Amino acid sequence: MSAYHRRQARPGPSTLPYSNEDKLLHCLPNTKRLSHAPRKALWGLLLLVVLLAATAHGQARFFDDEEEIPAVLATFDARLEPATARPDEHVRLIVTARIAEGWYTYSLIPQDDEFAPPPTRLQVQAGGLKVHGPVYETNPVLKKDEVFGIPLAFHPGAARFYQNLQVPQGYRPGQVSLTGALRYQVCNNSICTPPRTENLAAALTIEEGPVRPAFAYMQRTIDYLDEAGNFRIDADSLESALAGGLTGFLLLAAGFGLLALLTPCVFPMIPVTVSFFTGASSRGMGSVFRLALLFAAGIALTYTITGLALTFLLGATGVSQFATSPWVNLAVAAFFALFAFGLMGLLDFSLPGGLVQRVNRMSYDIKGPAGVLLMGVAFTATSFTCTMPFVGTLLVAAAQGEVFWPLVGMLAFSTVFATPFFLLALFPRFVVNLRGRSGNWLVQLKVVLGLLELIAALKFVSNADLIWQWGLFDRGVLLSLWAALAALIALTLLGLVPWPGMAVRKRGVVRLAAAGAFVAVALYLATGLTGRELDSYTESYLPPALGEGITASMAASGVDYVEPQSVHALPWLPSLEAGLARAATTGKPIFIDFTGYTCVNCRWMEKKIFAAREVFETFRDEFVLVQLFTDGGPHAEANQTLQVERFRTLALPYYVILSPDNAVLAKHAGIVPTPPEFLKFLAQGQRQAIAAGR
């Protein structure tokens with residue numbers, strides 16, 4: 001077996017590296033490392049033999065190695081982002097490298113070691129544009145090399161290299177040609193090719209006009225490379241969603257539709273859907289099926305049309321403002337309460353008979369386009385906040401003039417989202433088929449569903465209170481009312497509370513089990529009144545409790561937490577301008593938290609991630625903190641405009657790390673599931689800040 005296949009120790013100063021199978025050719029171009037003429041001659045001869053063999057056979061074999069070298073080891077593509085820019089705007093040259101499977105290229109960062117391989121280098125001829133800062137790259141893999149005995153940074157499979165540029169003021173409109181040269185070396189676990197130079201070219205169109213907010217400052221983020229080797233241009237961008245083509249885009253939209261079903265915003269619509277169709281359960285199966293199909297189609301169409309229509313009429317922030325408006329939340333609460341009181345038969349005591357009859361008929365027997373539209377609007381209002389990470393991206397794209405992809409994405413998303421509610425709509429009819437008749441049990445079901453709807457309605461009253469910041473409907477009040485309603489459901493099932501037209505003649509096993517379950521729920525909710533933290537799903541519905549301490553569930557998680565109120569006591573600044581002023585004096589990067597008073601995922605992040613001691617201390621010691629509310633408060637509209645115009649998303653929560661000179665270093669949309677993963681995100685921003693200062 002040849003020396004190429006044997007791994008031995010790192011060579012000493014007087015030893016030729018003949019047995020370094022990984023790095024045999026690394027040292028060939030670095031003649032300063034070969035201080036003796038015989039050594040130079042020997043290496044030159046070896047290189048000549050290798051190159052002649054490669055030329056003769058097309059796909060070379062080194063000595064007795066059975067591995068073939070691919071004809072194409074690496075391909076490169078250069079593009080500018082944006083492709084059309086205006087004077088004084090910032091652009092980036094992005095070079096994408098695709099490396100053959102099993103091969104890799106090295107990082108830009110040189111290793112301070114005599115035997116280290118040469119780093120990748122990118123030189124750019126900017127065509128009159130200003131060059132800002134050094135070249136930077138996607139995250140390399142850092143691994144200790146067994147031959148060299150030093151850690152080496154490399155890119156397996158794919159990489160991206162970036163150079164920031166800026167169009168000077170007064171630059172004339174037209175085409176600008178940029179050229180570059182990328183010097184690189186490709187290796188695998190056995191051999192390396194000699195270093196090569198790839199010539200690159202890209203064209204930039206200059207147009208007249210004012211500077212656009214999205215390109216007013218440098219972008220120093222790096223793209224995410226998934227396990228399949230696909231780049232995600234930006235986790236919350238339309239370009240990222242389209243990276244996998246039409247099929248991938250539809251699958252992504254459908255996947256987000258499934259995930260949306262797990263969000264807290266959706267739960268209130270479950271009892272509403274069942275009660276909506278309870279009044280139609282006595283009809284024929286064909287009639288109920290058609291109505292359920294119309295109902296599901298109405299949800300999908302209304303969700304799509306309402307979202308896009310509000311976007312075109314009110315701009316990218318229109319839907320978000322609609323969904324988070326306190327008046328809309330109160331209207332949804334009233335809508336739920338109307339159904340609830342109608343189902344429970346309580347409207348008879350307060351309204352004239354003729355009106356009661358019409359309202360009752362509306363509450364559980366609405367059919368046709370009008371009813372479907374009403375329910376679709378309710379779904380839109382209740383679920384848009386939780387579905388913004390995907391839907392918000394599409395709506396921002398729609399506001400910027402894109403129509404086809406937002407329409408396709410919204411339809412795919414809402415269709416998957418509506419499908420389970422089609423099945424829920426059929427549920428009452430299946431129950432009637434199972435029992436063979438309607439009657440007293442159906443009256444009891446309506447009462448229970450009505451009480452569940454009141455639980456849902458209270459959440460939307462709480463949302464309005466949070467946005468107006470009255471503090472009247474706080475965590476304790478909401479928990480007390482929910483616990484009382486759960487207990488009332490249990491008593492109703494046991495027949496201990498009289499309801500119009502309802503009588504409980506016997507208490508079977510199923511009834512007792514259901515009543516016991518609601519008693520357990522009531523007791524569980526009541527324990528939250530003692531300061532005990534409930535499960536994260538329930539807590540996400542509740543207003544934030546700033547004064548609660550470390551709970552048993554947080555302590556048992558294995559993560560060291562600070563008191564949750566300490567997170568809110570951190571020096572959060574209320575504006576980006578204040579953050580930039582603080583960063584200018586401290587030199588620290590800026591962490592921006594785009595959040596909302598009614599954002600359930602934001603509350604979860606504050607409690608489970610921000611309160612983790614290591615995250616808390618990193619915030620306190622290493623960042624300037626800025627918190628921008630987009631759904632309430634005196635600066636909500638300005639904060640939301642900043643998020644849409646500069647970062648082109650409506651997602652909440654949304655996190656951005658900026659350099660002291662306002663360059664974007666890193667950003668993330670949505671929750672981060674664990675403190676270590678969030679710390680990685682913060683560390684990425686810090687690395688980019690250090691790289692910018694090189």
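The values are calculated or read from the model by the stated rules, or taken from the named source; none is laboratory data. Since we're looking at a predicted model, the values are computed, not measured. Counting neighbours? That spans all protein chains shown, and the Cβs are built from the backbone with ideal geometry, glycine included.
Pick out the one residue from R613, R603 that is in contact with a Phe, Trp or Tyr (Cβ under 8 Å, 6 or more places away or on another chain) and charged (D, E, K, R).
Residue meeting the stated conditions: R613.
Of the conditions (1) part of a helix (DSSP H, G or I); (2) modelled with pLDDT of 80 or more; (3) surrounded by fewer than 19 Cβ atoms within 10 Å (Cβ to Cβ), L434 fails just one. Which one is it?
The single condition L434 does not satisfy is (2).
Any idea which of G495, G516 is on the phi > 0 side of the Ramachandran plot, modelled with pLDDT of 75 or more and surrounded by 12 or more Cβ atoms within 10 Å (Cβ to Cβ)? Break it down stepwise before answering.
Working: G516 fails: on the phi > 0 side of the Ramachandran plot.
G495 is the lone residue from the list that is on the phi > 0 side of the Ramachandran plot, modelled with pLDDT of 75 or more and surrounded by 12 or more Cβ atoms within 10 Å (Cβ to Cβ).
Please note which strands (runs of 3 or more DSSP E) are completely contained in the stretch 586-687 and include at least 3 residues that are within 17 Å of P574 (Cα to Cα), at pLDDT 90 or above and in contact with a strand residue (DSSP E or B) (Cβ under 8 Å, 6 or more places away or on another chain).
On the way: elements: 590-595, 624-629, 654-658, 664-669.
Those strands (runs of 3 or more DSSP E) span 590-595, 624-629, 654-658.
If a residue has to be under 18 Å from A83 (Cα atoms), in contact (Cβ under 8 Å) with a residue 60 or more places away in the chain and within 36 Å of the chain's Cα centre (by Cα) to count, how many in the stretch 170-214 make the cut? Walk me through how you get there before you give the answer.
Keep residues of the stretch 170-214 that are under 18 Å from A83 (Cα atoms), which gives 171-180, 200-214.
When the remaining residues are screened for being in contact (Cβ under 8 Å) with a residue 60 or more places away in the chain, the result is 171, 178, 180, 200-214.
Among the residues that remain, those that are also within 36 Å of the chain's Cα centre (by Cα) are: 178, 180, 200-214.
Qualifying residue count, the stretch 170-214: 17.
Conditions first: (1) touching a Leu at 6+ places or on another chain (Cβ under 9 Å); (2) under 27 Å from F681 (Cα atoms); (3) among the hydroxyl-bearing types (S, T, Y). T96 passes all but one, so which condition is the exception?
Failed condition: (1).
Out of the stretch 628-649, which residues are surrounded by fewer than 18 Cβ atoms within 10 Å (Cβ to Cβ) and among the polar types (S, T, N, Q)?
Hit for the stretch 628-649 is T641, nothing else.
Does R613 satisfy the criteria of being among the charged types (D, E, K, R), under 27 Å from N164 (Cα atoms) and either surrounded by 23 or more Cβ atoms within 10 Å (Cβ to Cβ) or outside the structural domain of A464 (by TED's automatic domain parsing) (or both)?
no
Look at the stretch 307-356 and say how many of its residues are modelled with pLDDT of 70 or more and of a type in the set (V, I, T).
Qualifying residue count, the stretch 307-356: 3.
Among the residues of the stretch 187-227, what is the count of those that are assigned to a loop (DSSP other than H, G, I, E, B) and not hydroxyl-bearing (S, T, Y)?
Residues of the stretch 187-227 that are assigned to a loop (DSSP other than H, G, I, E, B), as a first pass: 188-191, 193-195, 207-212, 216-218, 220-223, 226-227.
This time we only want the ones that are not hydroxyl-bearing (S, T, Y), so: 188-189, 191, 194-195, 207-212, 216, 218, 220, 222-223, 226-227.
So the answer is 18.
Mind listing just one residue for me: the one in the stretch 455-467 that is of a type in the set (A, V, I, L, M, F, W, C) and within 11 Å of V332 (Cα to Cα) and, of those, modelled with the lowest pLDDT?
Kept after step one, since they are of a type in the set (A, V, I, L, M, F, W, C), are these residues of the stretch 455-467: 455-458, 460-461, 464, 466-467.
Then drop every residue that is not within 11 Å of V332 (Cα to Cα), which leaves 456-458, 460-461, 464.
Values: A456: 80, A457: 83, L458: 87, F460: 83, V461: 87, A464: 84.
Looking at the filtered set, the residue picked out is A456.
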